[in-house]
1. Could you calculate the FRET efficiency of A:Glu117 with A:Lys770 from 1/(1 + (r/R0)^6), where r is the beta carbon distance between them and R0 is 60 Å, rounded to 0.05?
2. Looking at the stretch A:582-728, I'd like the Rg to Rh ratio, where Rg is from alpha-carbon atoms and Rh is Kirkwood's inverse mean 1/r.
3. Just name one of A:Pro202, A:Ile694, A:Leu611: the one whose Cα is farthest towards the positive end of the charge dipole of the protein assembly as shown (beta-carbon charges, Lys/Arg +1, Asp/Glu -1).
4. Can you figure out the FRET efficiency of A:Lys708 with A:Leu221, using R₀ = 30 Å and their beta-carbon distance, to the nearest 0.05?
5. Counting only other chains, and only Cβ atoms inside 10 Å, what mean value do you get across the residues of A:343-351?
6. So how strong a dipole does chain A carry about its Cα centre when Lys and Arg Cβ are +1 and Asp and Glu Cβ are -1, to the nearest 20 debye?
7. Calculate the radius of gyration of the Cα atoms of the stretch A:512-606 to one decimal place, then report Dmax, the largest Cα-Cα distance, as a whole number, both in Å.
8. Describe numerically, in nm with one decimal, the distance between label points set 7 Å from Cα along Cα→Cβ at B:Gln114 and at A:Ser458.
Amino acid sequence: MKTITLTINGEHVSCTEGSSLLEAAQGHGIKIPTLCHHHSLKPVGACRMCLVEDEKTGRIIASCVTPAAQKMSVLTESPRVLKHRRNIVRLMMAEHPESCIICSKGNRCSLRQYAAELGIGETGLYPIPNYRNIEQANPFIQRDLTKCILCGKCIRADHELVVTGAIDYNMRGFDSRPSTLFDRPLEKSTCTFCGTCLSICPTGALSPVSIFVGTPEKEKLSFCGFCGVGCRLSLGISDNQVVEVNPAHIKKSVNDAALCVRGHFGHDFLNVKQRMTKPMIKKDGSLSSVSWAEAIELVADRLTQIKDKHGPDSIAFLGSSKCANEENYLFQKLARIGFKTNNIDNGGYISGRLMLDLIDTRTDPGRRFNFFAGTLSGLEMAEVIFIAGADPSHSIPVAGYYLKRSVKNGTPVIVADPRKTEMAGLASVWLRLKPGSDLELINALSALIYRKNVYADSFIKRFTRGFEKYSESLSSYDLDRAARITGISIQEMERAADLLVGKKIAFMVGDGIIKNRYGMETGEAFLNLALMTGSIGYGGAGFHFPAKENNQVGAWDMGTVPDKLPGRQPLNDSLSRTSWEKLWGGEIPHEVGLDLCGMIEAAEQAKLKALYIMGENPLRSLPDRQRVLNALEKIDFIVVQDILNNETSKLADAVLPGAAFCEKKGTFTNMEGRLRSVSAVVEPPGDAKSDFEIIGLVAEKCGHTSLKCSVESIREELSKRIPMYEKGRSNFHPVWIKEAIDSDPAEEDDRERLISFSQVVTADEEEADKEYLFTAIIGSKRCHLGSGTRTGYSPRIKAFNFSDAIEISEQDSKDFGISDGNKVRLVSRNGAIEREVCVKKNIGRGMVFVPAAFNGNDAGLLIRLTKLFDSTSEGWNCCPVKLEKI
Amino acid sequence: MKPAEIDKEKLLSIIEAYRNKKWGLIPLLQAIQEEFGYVPPVAVESVADAMKMYPSHVQGVITFYAGFSTEPKGRCVLKVCRGTACHVKGGKSILRMIQKDLGLKEGETSIDYQFTLETAACLGACFVAPAMMVNRDYFGKLSPPKVTSVLEQYRKDKGDN
Ligand code: SF4
Ligand code: SF4
Ligand code: SF4
Ligand code: FES
Ligand code: FES
């Protein structure tokens, strides 16, 4: 790119060709006031605050929309510029209402700041405020458009960043305002309450609804504690409490100026009275507060006794997909070295770690290249995107914005989903398959691509084995049968195959697959398709798995799983084992331990005597609550270390109050594999301590003094032993992505490391259920995360009263005489729930959509608890149900 | 009398004809206004869908142009000129007279949907000032008796179409 040199305020500066004058100035630390400009929005030049004077021509120009030109010379603070700038601010202030003085945007209002800087108190103009109603019926965003200066940032953020289109300019001239369709209140529009517009608004026209008034004492950077996108946040803090959340607006960060409703408004759960503040132990059947010393002593004594009496495998450890890497690492070390058991898992079991495992072990045993797609920004380069069984607009909203932006930029997108999700509505091809039939769809697409004779030939030859056998089964594959099972015509499948052919695919594979009863087979089918098309994690292609929890990937990497050691090293690989044993100075048991489901089964059989749970709420998050409850009740001693009183903690014999993400230091790994370091920006409430410290105390009391150490020493250990957690990578992609990008796959030719195709497995063709006529699909809504423990406590999310209604099709509503607002009982072979229904256009006949996480996550009652990926599993995402009107 | 009910099918068929046409929005809105006399709000979402735009954006375009109306108008739309030439020639009293005669203020439509009264900045007919338009017809060199007879004429025409 060409470099341009010019003079700003007499200083020589340079910038790349195409930069605006404003960017050139900012690049050299020269400040120019702006109101309508934002680094990630297209410039429009609406406010004229950024005026500068061209010394040669004497023209006054808006620097944000004027490209820097060679040998230009501009002044940013000349008397003429200042005079004009002052006038502009005076005019804006004349239109501003008196309530400006008590505005909660306070000193953070850019307009007020500039007015003060330019010394404008009284405007000396006749005030003509343009009064509007203040809109504040919703618990998130207050709109007082009287204070709007028409900079258009909210509109551009809504269109360009979050791609929602809830608002746009309406009317003209004096009446002109950003407005929703038909000027309805936000809650009656398509607004998702992501709050992106609110944080970007330079004035008090848009402000957060909050019990806190005024400007926070300080602002600190952090990361969102909810989903695996791991958005960068700026936390507003007053009196040791997080009182406001905004996106950090950091260029090139995963979210930049955007957030979702959870991240923006849901963090008020941090200050609720249900936070655990004191250690408690069960005395005479009820929990009562005790000192830390007493609680730790009880935990250590009981765990040791149980181990001595019943053996190491009578104890299990449930780590957390929400706790930091160092904490999970220490936790599994306590299990493996301290208690000599591999009975260790984390909540990621529920949200997809088995699929991550499958792809990882099948493709990357030698860590050559990886099939994980890496950064979300790669989606912008993707040749074609294939979304299956995922509704990213709800599960991982900020990643959803990337997908919507890709659609806008013309990237072809295929969506396979029984429901018309937001992405399905925008897709080039929407494959409206029958629930749970994904396996046949993927097989069929592979067969079609194979028959078109366009596949990644040289890639297959060089890096894979077993293609011949695989392709044989593709050539004899029965497409008509697939069409019957999936409910998609061969022509439709052809259309999708045509889009995929010859391209490297970026996959977004979600719950619909991960919790499918053919989860493993479907995962293999996807892998075959990826191999055949050469879609490795490179150039935007490869797999994305929506991580529901902020440290789902990290907990997995840390070895908080029954069959892997830290760094995803297989437990049954003696080389890996010995290397960790050496480091840890103790023996690691050989047998693979119990996974989360296994723990419940073992508890049922009274084989599990003690369970140490850190930051998980299995009684709420697992299907089949009654069965889980019965199982947990059989366990002699349960420790719950958490931040909120919840369903599971009520059963505990000891409760240890831990710290939330912003109350401790540690690192988290987001769904892209980016490592993010957090520090304590507020103190944990009451006597609560960081989870790291608590594990250390327990370990010490049990006699494992080496485990009582500092976060830094663990970080050191990690960076030495796990290549992808190497030092200095704190904000880069871990090595695994880097390697994939740097290595030239064509250079390598190692027969040992060829990735094999798996055989085509087909699903059984089933008869329709005569009694349970509907298929219930269980899925998430963006207001709640996972099973909703934390978001369910958020005062603002509660106040909005998001609908938990079961969604049914128009056709079924007519046929069964059920209309909007009717109450129904939904009965499966496993259980029943009662809710209102809501008639929707985006769902087909014979299906109902059940939003998860509401009402204590009662949707789980419908599902039978079976081991995911097991041949006997019925899957967790859908089940046959019948509908009874009540 | 009420404004005619919107013939939904008619509306959708107009919209369909413009689906996926590039730069089709303004011509489509014009076609709808031509047919119904205004752009009914119920059209917004279907138009947005066909044009692959946000409904809020379509609404913004409609409300930006004075030429589009979101409310039904009378059978006869009067545009009385308030331009300089007409003003000098007494346009103001012509307007006042019409307001009184029809009992309408600017921008209003009579309850029987016969008349809508609007004003314009200049009708481009300054040489015959003071001027006004009724639907597509121009009337110049207006005087009180002429105005009365024009209005009378349009009142009589009632029901002819
Ligand atoms: S509401 Fe705020 S961001 Fe939107 S146009 Fe008005 S001042 Fe700008
Ligand atoms: S909150 Fe988000 S979705 Fe709603 S108007 Fe603002 S940017 Fe758009
Ligand atoms: S997308 Fe995920 S990480 Fe980002 S704000 Fe929302 S919940 Fe938080
Ligand atoms: S910042 Fe340049 S015109 Fe608004
Ligand atoms: S001023 Fe009336 S027509 Fe021009």
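We did not get these values from a lab; they are worked out from the coordinates using the rules stated. Everything quoted here is computed from the prediction, not taken from an experiment. Glycine gets a Cβ as well: all are built from the backbone with ideal geometry, and neighbour counts include every protein chain shown.
1. The computed FRET efficiency comes out at 0.20.
2. Value, to two decimals: 0.99.
3. A:Pro202
4. 0.55
5. Per residue, the average neighbour count from other chains is 0.
6. 1980
7. 16.9, 51
8. 8.2
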